[in-house]
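K.L.:
The structure's right below; bear with me while I get my questions together.
The values are calculated or read from the model by the stated rules, or taken from the named source; none is laboratory data. The structure displayed is predicted, hence computed values, not measured ones. Every residue, glycine as well, gets a Cβ built from its backbone with ideal geometry; the counts of neighbours run over all protein chains shown. What goes into the accessible areas is simple: the full protein's heavy atoms, side chains included, and nothing from ligands, DNA or RNA. Shrake-Rupley method; radii C 1.70, N 1.55, O 1.52, S 1.80 Å.
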Amino acid sequence: MIAIFDGVSSREGLSDFSLRLNLDKVTQLYDPSENLSRAILYAMVGLDELHSGEIYFDQVPLQEFIADGPQIRKLGYVFDEGIMLSNLSLKENLMLPLRWLNPHLDEARIASSIQSWMQSFELDLDLNKRPVAYHPGQLKLMGFVRTLLIEPKVMLIDDPFFLLNKIERKVLLKVLDQLRKTCPMLIASIDDEFGVGFADEVIDLSPFETNFKLL
Amino acid sequence: MTAKPEKKSGSGFFSFVGATLEEALRIRSNRHVSSMVIFRQILFTGYEALPLISFLALAIGGLVILQGTNLLTGFGQGIWVHVILVTVVVNELSGILTALVVVARSGTAISTELGNMKVRREIDLIESFGISPISYLVVSRVIGVVVAMVILVLYFNLVAVLGGWLFSQIFNQLDFRTFMSDFLSVLKISHLVAGFIKSVCFGLIISMVSTYHGMSVRYASTEVPQRTIKAVVISIFAVILSDMLITWLFWILK
């Protein structure tokens, strides 16, 4: 899948921004400011408001792309912070997008899938507890679990190492390294671990800083 | 993209209400509306408010009977105390007092919760799933508050009448059947219809104003209490104004 930003200006700060992204492989968006890369990911999942220009996915405009079938099956966005709905338990958080996609889902199969991913991320958490019971790094990894359960075609990952400690970083890198063969990723990060020997392509966004205006 | 509230804009509120009503009207096919959120809202706004509503209703019903009996028996018009109970409590106080309780408990809670969700980017998260925040968070809460409000007003009336009867025992040993018979003789269907309409309107006003102000928070947690205060003040004004309007309309129709 090819994503094309064509002269996009947006609420989140993109200003006459143009870029071509190949979403069939692992791409790192290298952005020292970290604002532009987030704005790009936000725009791709429809969280931004475009004032002018257009984003195309395989020549399909963004709104049509979003309207055509569940968007999270296509683009699974992992936020930089491990955002969870604080009034739901961890299990309810994991199930929310799945239940929305399929109200009659096989709970036993999902439960085993959750356990399997949690083992991969070396997480041992009580899923009946609310997110507040766990530290941000654990919640961030649970955010990855939530996205992986949906099995999106492409994962958009905003600052993967943010909030993680040294051990959690190693675990995450190991899991993503296994996934990179089967799941294309667009990673917004300035960490060398993704730039050297991991990403198929690194796009340096430094020259585009003039196409971003901080709010 | 879903309709997003604009800051400090009256038109922003009305476009928000429009977007909410649009999504509410196609509720049967709208999978974004969550029965779990509706249920939890009814539980919080309705069930958990019952002790406070019971206390208020008993006290108000009793006080109306107490004051009414004191006043009217001096003129030999003791029977009219039931008319006062119907007019003051069933027509006016039950709706207004229940609305004030709902504003104080649920309006503040909704505004604060949504405001904090906005700051913590939880609403962005919901939107990134492709779930409409308006349907999932707003429509579900509006339905929950309206249903709870209707039930609470009905409950307030029942308990107030019971309180009235209990207090009337102080002055004269009136058996419950006689008391209710007197009460029902002055109660008309129009009183119940007006009470129902008011409770639906109050529920809509409180939930719409609170959700709008909660969703209007943009970046900072300091905006949350400011928005909550606005939600409370505007809700109280709007509830009383709409009460006056509905009462006036029924008075004209009579």
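K.L.:
Considering only protein heavy atoms and a probe of 1.4 Å, how much of the accessible area of the protein assembly as shown is carbon and sulfur, as a whole percent?
P.N.:
Accessible surface attributable to carbon and sulfur in the protein assembly as shown totals 62 percent.
K.L.:
Pull up the cross-link candidates among the lysines for A:LYS170, meaning alpha carbon to alpha carbon under 16 Å and not fewer than 8 places away within one chain.
P.N.:
Qualifying lysines at Cα under 16 Å: A:LYS140.
K.L.:
Right, next: Express in % the proportion of alpha carbon pairs of chain B at distances exceeding 22 Å.
P.N.:
Considering chain B, 57 percent of its Cα-Cα pairs are separated by more than 22 Å.
K.L.:
Still on this structure: What's the extension gain from B:HIS191 to B:ARG40 if we count 0.36 nm per residue and subtract their Cα-Cα distance?
P.N.:
Gain on stretching B:HIS191 to B:ARG40: 51.4 nm.
K.L.:
State in Å² the accessible area per residue of chain B; use a 1.4 Å probe, count heavy atoms of protein chains only, and round to the nearest integer.
P.N.:
For chain B, the solvent-accessible area averages 48 Å² per residue.
K.L.:
First obtain the Kirkwood hydrodynamic radius of the protein assembly as shown from its Cα pairs, then insert it into the Stokes-Einstein equation at 37 °C and 0.692 mPa s, and state the resulting D in µm² per second as a whole number.
P.N.:
Details: Rh = 25.2 Å.
For these conditions, the coefficient is 130 µm²/s.
K.L.:
Take the alpha-carbon positions of region A:149-215, form their convex hull, and give its projected area averaged over all directions (one quarter of the hull surface) in nm².
P.N.:
Mean orientational projected area (region A:149-215, Cα hull): 6.1 nm².
K.L.:
A follow-up question, please. How long are the semi-axes of the equivalent ellipsoid of region A:63-215, taking √(5λ) for every eigenvalue λ of the Cα gyration tensor, in whole Å from largest down?
P.N.:
Each semi-axis is √(5λ); the values are 26, 20, 16 Å.
K.L.:
Over the alpha-carbon set of region B:17-72, work out the extent along each principal axis and list the three values in angstrom, largest first.
P.N.:
Computed over region B:17-72, the largest-to-smallest principal extents equal 56, 23, 16 Å.
K.L.:
Between B:VAL102, B:VAL64, B:VAL239, where does the largest GNM mean-square fluctuation fall for chain B, given springs only between Cα atoms within less than 10 Å?
P.N.:
Residue with maximal mean-square fluctuation among B:VAL102, B:VAL64, B:VAL239: B:VAL64.
K.L.:
Taking only the C-alpha atoms, wrap a convex hull around region A:26-136 and report its volume per residue in Å³ as a whole number.
P.N.:
Cα convex hull per residue, to the nearest whole number: 166 Å³.
K.L.:
Moving to a separate point now. Would you mind working out the magnitude of the charge dipole of chain A relative to its Cα centre, with +1 at each Lys and Arg C-beta and -1 at each Asp and Glu C-beta, to the nearest 20 Debye?
P.N.:
In total the dipole reaches around 740 debye.
K.L.:
Something else about it: Could you work out the relative contact order of chain A? I mean the mean sequence separation of Cα pairs under 8 Å and 6+ apart, divided by the number of residues, in percent.
P.N.:
34 percent
K.L.:
Still on this structure: How many lysine pairs does chain B hold where the Cα atoms are under 16 Å apart and the two sit 8 or more places apart or on different chains?
P.N.:
Within chain B, the lysine pair count is 6.
K.L.:
Starting from the eigenvalues of the Cα gyration tensor, five times each then square-rooted, give me the equivalent ellipsoid semi-axes of region B:95-227, largest first, whole Å.
P.N.:
With the √(5λ) rule applied to region B:95-227, the semi-axes are 41, 15, 10 Å.
K.L.:
OK, next. Run the quick spin-label model on A:ASP24 and B:ARG120: label points 7 Å from Cα toward the beta carbon, then report their separation in nm to one decimal.
P.N.:
My value for the distance between the label points is 4.1 nm.
K.L.:
Take the Cβ-Cβ distance between A:ALA108 and A:ARG130 as r, set R0 to 30 Å, and report the resulting FRET efficiency rounded to the nearest 0.05.
P.N.:
0.80
K.L.:
Roll a 1.4 Å probe over the protein chains and send me the accessible area per residue for chain A in Å².
P.N.:
Counting only protein heavy atoms, the per-residue value for chain A is 45 Å².
K.L.:
Grab every C-alpha pair in region B:20-151, bin the distances at 10 angstrom width from 0 up to the longest one, and report whole percents.
P.N.:
12, 31, 24, 16, 10, 5, 1
K.L.:
Taking every DSSP beta bridge that has both residues in the protein assembly as shown, what percent is antiparallel when rounded to the nearest 5? Numbers along the way, then the final one.
P.N.:
Numbers: 14 of 30 bridges.
Around 45 percent antiparallel, to the nearest 5.
K.L.:
Separate question: Å³ per residue of the Cα convex hull, for region B:78-131?
P.N.:
Convex hull volume per residue, Cα atoms: 70 Å³.
K.L.:
While we're looking at this one, here's another question. When we measure straight from the Cα of A:LYS153, which lysines land under 17 angstrom away, once same-chain ones fewer than 8 places off are left out?
P.N.:
A:LYS25, A:LYS74, A:LYS181
K.L.:
Separate question: Would you list which aspartates and glutamates come within 14 Å of A:LYS91, measuring only between C-alpha atoms, while excluding same-chain residues fewer than 8 positions from it?
P.N.:
A:GLU107, A:ASP124, A:ASP126
K.L.:
Next question. Scanning chain B for chymotrypsin sites (Phe, Trp or Tyr not before Pro) in DSSP loops with at most 11 other Cβ atoms within 10 Å, what's the longest stretch left with none?
P.N.:
Here the longest run is B:76-218.
K.L.:
Before we go on, tell me the buried accessible area for the A/B pair, both chains summed, 1.4 Å probe, in Å² to the nearest 100.
P.N.:
Interface between A and B: roughly 2300 Å².
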